[in-house]
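Quick notes on the structure that follows.
Rule-based calculations on the coordinates, nothing more; no lab input. Here the structure is a predicted model, which is why all the values come from computation and not from measurement. Every residue, glycine among them, receives a Cβ derived from its backbone with ideal geometry; neighbour counts consider all protein chains shown.
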Amino acid sequence: MLVIGIESSCDETAAAVVRDKKEILSSVIASQIDTHKAFGGVVPEVASRIHVENISGVIQQAIDEAGISMEDVDAVAVTAGPGLVGCLHVGVQGAKTLAAVWNKPLIPVHHLAGHIYANELVTDLQFPLVALVVSGGNSELVYMKDENSFEILGQTQDDAIGEAYDKVARVMGLGYPGGPVIDKLAQQGKAVYDLPEPKTQGRYDFSFSGLKSGVLQFIKRCERKGQTFTQEDLAASFQKAALDEVFDRVKLVLEDHPEVKQFVVGGGVSANSGLRARVDELRQEYPDKTFTVPPMRCCTDNAAMIAVAGEIAAEQGRVADARLTADPGWEIC
Ligand code: ATP
Ligand code: MG
Ligand code: FE
């Protein structure tokens with residue numbers, strides 16, 4: 001099956017053509033990071049306007065780079081939610097138009113299902129499965145007993161982990177987005193500073209806001225006392241604490257659910273080198289299970305993952321019509 005995917009839920013305008021859930025023929029991403037950098041985060045109204053400017057060109061480029069014609073395409077998949085409402089509407093309208101003009105099935109895709117199905121590009125998913133979704137707006141442990149079936153086992157009680165990376169980067173004066181910069185610094189440092197351990201109630205829930213405040217308080221305390229610290233060691237300390245928080249819960253889930261065949265990670269933070277090293281450790285620890293992370297270029301927002309999740313949804317007959325509209329609060333289950 002040949003699917004064109006479209007994604008515009010936040011600050012990336014993206015379109016991609018994927019064959020049979022595995023072969024990325026094209027993946028075009030127009031990022032707005034440089035525009036939003038000046039504000040230290042995404043400004044929704046500005047983001048929607050730039051999506052409108054970019055969407056047609058991005059779709060055209062994806063078709064051209066794939067070397068296909070719209071006639072060859074079997075379905076048009078689009079992120080219909082969750083996300084920023086004005087941003088989502090641009091992609092949905094683009095997809096509806098494309099599907100109507102070429103008389104193709106229109107497939108709405110949940111953005112987080114997209115992040116999870118980015119792993120399908122690497123290997124066929126095996127169920128039951130546990131997915132760790134770690135992105136700019138989400139931190140969740142999701143149980144999938146079958147294709148396109150999602151049950152949330154645990155989630156963050158406050159900030160998302162990517163949001164914590166971005167906020168910590170801001171207080172450290174490292175710019176936006178903070179994840180990749182902190183990741184790089186952390187590789188050069190040692191986790192030698194004590195930061196507060198998060199406290200959560202649910203067995204599989206996360207918390208990151210106390211850790212974020214802990215970094216701010218650490219910096220202020222050092223300034224007050226005239227103590228020096230290195231950015232590298234602070235980044236490494238934060239990253240270790242954040243990943244401990246995540247992987248303590250992951251281990252509990254794996255212990256409680258021995259029937260789980262595969263563990264996958266999705267979302268922007270799955271690009272993190274420390275996180276990938278922890279997944280390698282789990283792979284050694286549980287040789288009977290499959291551990292998968294998405295290809296590096298499919299961790300942060302992209303449309304290849306939407307095309308893949310779209311093909312699965314299409315196989316299940318989850319087709320929409322011209323009345324499809326963006327759903328900014330779409331629950332995954
Ligand atoms: P959501 O998917 O929840 O709607 P989003 O789409 O904004 O949120 P993504 O594009 O999936 O988020 O991920 C962006 C986030 O990933 C940012 O917070 C960014 O800092 C973080 N990130 C990207 N690369 C890394 C990295 N190497 N290490 C840690 N965090 C990273
Ligand atoms: Mg983004
Ligand atoms: Fe995302």
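The convex hull defined by the C-alpha atoms of the stretch 125-293 has an orientation-averaged projected area of 9.4 nm². For the stretch 88-181, GluC sites (Glu not before Pro) meeting the loop criterion (DSSP other than H, G, I, E, B) and having at most 14 other Cβ atoms within 10 Å: Glu147.
Ranking Ser213, Pro328, Val134 by how far each Cα lies toward the positive end of the dipole of the chain (charges on Cβ) leaves Ser213 at the top. Amide H contacts under 5 Å for Ala77: Ile4, Gly5, Ile6, Ile107, restricted to partners 5 or more places along the chain or on a different chain, H placed in the peptide plane at 1.01 Å from N. Could you state the number of Å between the C-alpha centres of the stretch 289-333 and the stretch 233-273? Cα centres, the stretch 233-273 to the stretch 289-333: 22 Å.
Restricting to the chain, what percent of DSSP beta bridges are antiparallel, rounded to 5?
Around 60 percent antiparallel, to the nearest 5.
About its Cα centre, the dipole of the chain is roughly 940 debye, where the only charges are +1 on Lys and Arg Cβ and -1 on Asp and Glu Cβ. Using the empirical formula 2.2 N^0.38 Å as the baseline, the Cα radius of gyration of the stretch 254-309 reaches a ratio of 1.23. The packing ranking of peptides 229-242, 297-310, 277-290, 194-207, highest mean first, is 297-310, 229-242, 194-207, 277-290, where packing means the average number of other beta carbon atoms within 10 angstrom of each residue.
A simple rule links phi to the HN-Hα coupling: the Karplus curve 6.51 cos²θ - 1.76 cosθ + 1.60 with θ = phi - 60°, which for the stretch 261-266 gives 8, 9, 10, 10, 10, x Hz, with x for Gly and Pro.
Modelled this way, with points 7 Å down the Cα-to-C-beta line, the labels at Ser273 and Asp20 are 3.6 nm from one another.
Globularity index of the chain is 1.00 (Cα radius of gyration / 2.2 N^0.38 Å, N = number of residues).
Just to confirm the number: angle between the C-alpha axis of helix 231-256 and the first principal axis of the chain, 0 to 90 degrees, nearest 10? With rounding to tens, the tilt is 70 degrees. For the chain, the longest principal axis of the C-alpha atoms and the axis of helix 85-102 are separated by about 30°.
May I ask for the distance between the Cα centers of the stretch 79-110 and the stretch 150-193, given as a whole number of Å? Going from one Cα centre to the other spans 31 Å.
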